[in-house]
1. Residue under question is residue 325, and the condition is that it be in the same structural domain as residue 281 (by TED's automatic domain parsing), under 23 Å from the mean Cα position of the chain (by Cα) and over 18 Å from residue 285 (Cβ atoms); does it hold?
2. Out of 250, 245, 280, I need the residue that is farther than 29 Å from residue 188 by Cα and modelled with pLDDT of 95 or more. Which one?
3. Step by step: first the residues of the range 252-291, then only those that are more than 26 Å from the chain's Cα centre (by Cα) and crowded, with 17+ Cβ neighbours inside 10 Å, then the one that is nearest to residue 105 (Cα to Cα). Which residue is that?
4. Collect the residues in the range 86-100 that are under 14 Å from residue 57 (Cα atoms) and either outside any helix (DSSP H, G or I) or in contact with a strand residue (DSSP E or B) (Cβ under 8 Å, 6 or more places away or on another chain) (or both), keeping them in residue-number order.
5. Out of everything in the range 370-384 that is outside any strand (DSSP E or B) and touching a helix residue (DSSP H, G or I) at 6+ places or on another chain (Cβ under 7 Å), what residue ends up being surrounded by the most Cβ atoms within 10 Å (Cβ to Cβ)?
6. Just one of 327, 355 is crowded, with 20+ Cβ neighbours inside 10 Å and touching a helix residue (DSSP H, G or I) at 6+ places or on another chain (Cβ under 9 Å); which is it?
7. When the range 268-299 is examined, which residues are found to be in contact with a strand residue (DSSP E or B) (Cβ under 8 Å, 6 or more places away or on another chain), free of Cβ contacts under 8 Å to residues at least 60 places away in the same chain and in a helix (DSSP H, G or I)?
8. Filter the range 234-263 down to the residues that are closer than 20 Å to residue 355 by Cβ and in a loop (DSSP other than H, G, I, E, B) and list them by number.
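The values are calculated or read from the model by the stated rules, or taken from the named source; none is laboratory data. This structure is a prediction, so every number in the text was calculated from the model and none was measured. Because the Cβ atoms are built from the backbone with ideal geometry, glycine has one as well, and the counts that use them run over all protein chains shown.
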């Protein structure tokens, strides 16, 4: 069934189709309409789930520790300062091996107050152990929620689905909403290996000493890295069931490219236009779109980027004293290559600043001209 819906409502339908049983959330712009829609679904009976109203984002995720430990599919959503308030609990959820899915609407972090798109919120949580997936369109948002549950429950690790505020959250696009039977075949009921069961008592969240903790963290890391292979398989299964193709990272016109621009989120859509315009000007430009960010698919990135002369990474985030987060990860991934491209950093679109095809083309032409300094990020569109 095809409908014109906002990105936030695409999340709500993804949660409904995944037959989530417990939703806990606290409102924060621009996430609020996700859980508003879910509360209406719960009230109308369209979704058979318990909706827990709490007093903070910290409590929202803490409540789901209980539901996920009890063995039921659980969901929450947040943005910006709300995600930061969850920080302590994000670590706990990963360590407790709870397959919770969280939708994060990428919003700038204060101060000053800004409610528009910026990926710094999810980037700041990249070391909590959560698998991260970045989306470009409302269709991808819905599909990613469904796939996230399959991935989370396969590995018993939490997954964060992130997408740009307002560019997707409050913008309507045509979305194909799958039928429930097809989703049920793709995503079977959640059957955790361990859960609270009075007939089979266990202890959860107990003290772990030095003789065990090291091994426990190793197991989490090993299973997180397994997400690279597992998510690839899930993407293939999703394509077979629904006809839509996804990957850990996606490439566009890279076969003969001499320069590749790397993006995540909605900047990817305008970057595609920029690639075509660059080609018209004789610049052999290609595009790599990041989807899976944690874990890092090193070999895939190397395979796409390793054969070109220059790579330009456009970050919609800024880590003070470092620069962009994605460019740092890509440089690290490419470092072992004997022959590797020169990687340039560009910062654009912070706080919801618009990024156009002309902006992306301008960044690429600046790099192609030889004027760019590899050690200094290109702050495109900055008003000095």
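1. Values: in the same structural domain as residue 281 (by TED's automatic domain parsing): yes; under 23 Å from the mean Cα position of the chain (by Cα): yes; over 18 Å from residue 285 (Cβ atoms): yes.
It is true that residue 325 is in the same structural domain as residue 281 (by TED's automatic domain parsing), under 23 Å from the mean Cα position of the chain (by Cα) and over 18 Å from residue 285 (Cβ atoms).
2. Numbers: 250 fails: farther than 29 Å from residue 188 by Cα; 245 fails: farther than 29 Å from residue 188 by Cα.
It is 280.
3. If we take residues in the range 252-291 being more than 26 Å from the chain's Cα centre (by Cα) and crowded, with 17+ Cβ neighbours inside 10 Å, then 278 is nearest to residue 105 (Cα to Cα).
4. 86
5. Filtering the range 370-384 for residues that are outside any strand (DSSP E or B) and touching a helix residue (DSSP H, G or I) at 6+ places or on another chain (Cβ under 7 Å), the one surrounded by the most Cβ atoms within 10 Å (Cβ to Cβ) comes out as 372.
6. Working: 327 fails: touching a helix residue (DSSP H, G or I) at 6+ places or on another chain (Cβ under 9 Å).
Only one candidate qualifies: 355.
7. Within the range 268-299, the subset in contact with a strand residue (DSSP E or B) (Cβ under 8 Å, 6 or more places away or on another chain) is 268, 271-272, 274-275, 278-279, 283-295, 297.
From what is left, the residues that are free of Cβ contacts under 8 Å to residues at least 60 places away in the same chain are 272, 275, 279, 284, 286-288.
Hits for the range 268-299 are 272, 275, 279.
8. Across the range 234-263, the qualifying residue is only 253.
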